[in-house]
1. Among the listed residues V127, V140, which satisfies the condition of being surrounded by fewer than 20 Cβ atoms within 10 Å (Cβ to Cβ), of a type in the set (A, V, I, L, M) and free of Cβ contacts under 8 Å to residues at least 60 places away in the same chain?
2. Can you list residue pairs whose Cβ atoms sit under 6 Å apart, with the first residue in the range 32-47 being part of a helix (DSSP H, G or I) and the second being at pLDDT 70 or above and open to solvent by less than 80 Å² (accessible area, probe 1.4 Å)? Count only pairs 6 or more apart in sequence or on different chains.
3. Pick out the one residue from K85, K78, K134 that is modelled with pLDDT of 90 or more, over 24 Å from H59 (Cα atoms) and either open to solvent by less than 20 Å² (accessible area, probe 1.4 Å) or in a helix (DSSP H, G or I) (or both).
4. Quick check: is even one residue across the range 177-189 open to solvent by 30 Å² or more (accessible area, probe 1.4 Å), small (G, A, S), within 28 Å of S54 (Cβ to Cβ) and part of a loop (DSSP other than H, G, I, E, B)?
5. Just one of (1) more than 13 Å from A184 (Cβ to Cβ); (2) of a type in the set (D, E); (3) in contact with a helix residue (DSSP H, G or I) (Cβ under 7 Å, 6 or more places away or on another chain) trips up E151, so point out which.
6. Would you check which residues across the range 152-166 are over 22 Å from F102 (Cβ atoms), open to solvent by 20 Å² or more (accessible area, probe 1.4 Å) and at pLDDT 90 or above and list them?
7. Applying the selection to the range 153-176, what residues are in a helix (DSSP H, G or I), within 19 Å of L62 (Cα to Cα) and not hydroxyl-bearing (S, T, Y)?
8. Can you find a residue that is closer than 19 Å to S146 by Cβ and free of Cβ contacts under 8 Å to residues at least 12 places away in the same chain anywhere in the range 105-117?
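The values are calculated or read from the model by the stated rules, or taken from the named source; none is laboratory data. Computed from a predicted structure; not experimentally measured. Please note: Cβ atoms are built from the backbone with ideal geometry, for glycine as well, and neighbour counts cover all protein chains shown. Only protein heavy atoms, including side chains, enter the accessible area calculation; ligands, DNA and RNA are left aside. Shrake-Rupley method; radii C 1.70, N 1.55, O 1.52, S 1.80 Å.
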Amino acid sequence: MEEKSLTEFMTQAFRSEFGQRWDTIERQGRENVDFHDDPTYLAITKDVASIAVSNVLWHLALGISLRASEVASRSPGKTEDQIEKDVETGFLVGLKGRDETFLPIWQFRDDSYTLELKDSARTILEVFRTQLGKTYRSDVVISWASTPQRELDGRAPRSIIDEPEASLEGSQIELLSMSASVTAGRLSR
């Protein structure tokens, strides 16, 4: 059996889900519309595609992630609200969705069930918080972490942060900190 491309898979899944949801919308007034000649339907289609692609890109940038509720359940003494507040204030990295906040697992130590922030993640978050101040946004850190950086020989920061903490050398954490500082410096101008 021939393997489908990611685009084909996503298009087919989107078509199916969109069709099911569209059919639940009241059909009143749509039966006699020739959508082929109506620019409104083209505009709606472009908006839907933009939103869908944007959502996929953010999930790819996040990488494997946990919901705030899952992080709270694995963080003694923390509630979901406290986890979300830590994301807002830059003490954790996360992306707030419509109904929940997603936190990439690369920022956490992977040696126990209880989640603890890695030293490398703590360091880069401090750089971004300090340099960006009130303009700090978690999505900036997520974007930076998933984008190859010149200061890191073209590697994406999260690929370094994601390595087991015991294998990270102080020089790698310094390089991550420098790269974060360069990015934050450009953004704070």
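1. Being surrounded by fewer than 20 Cβ atoms within 10 Å (Cβ to Cβ), of a type in the set (A, V, I, L, M) and free of Cβ contacts under 8 Å to residues at least 60 places away in the same chain holds for just one of V127, V140, which is V140.
2. F35/Y41
3. Result: K134 is the single residue among K85, K78, K134 that is modelled with pLDDT of 90 or more, over 24 Å from H59 (Cα atoms) and either open to solvent by less than 20 Å² (accessible area, probe 1.4 Å) or in a helix (DSSP H, G or I) (or both).
4. yes
5. It fails just one condition, (1).
6. Passing the criteria: D153, G154, R155.
7. Across the range 153-176, the qualifying residues are P157, R158, I160, I161, L176.
8. For the range 105-117, residues closer than 19 Å to S146 by Cβ and free of Cβ contacts under 8 Å to residues at least 12 places away in the same chain: absent.
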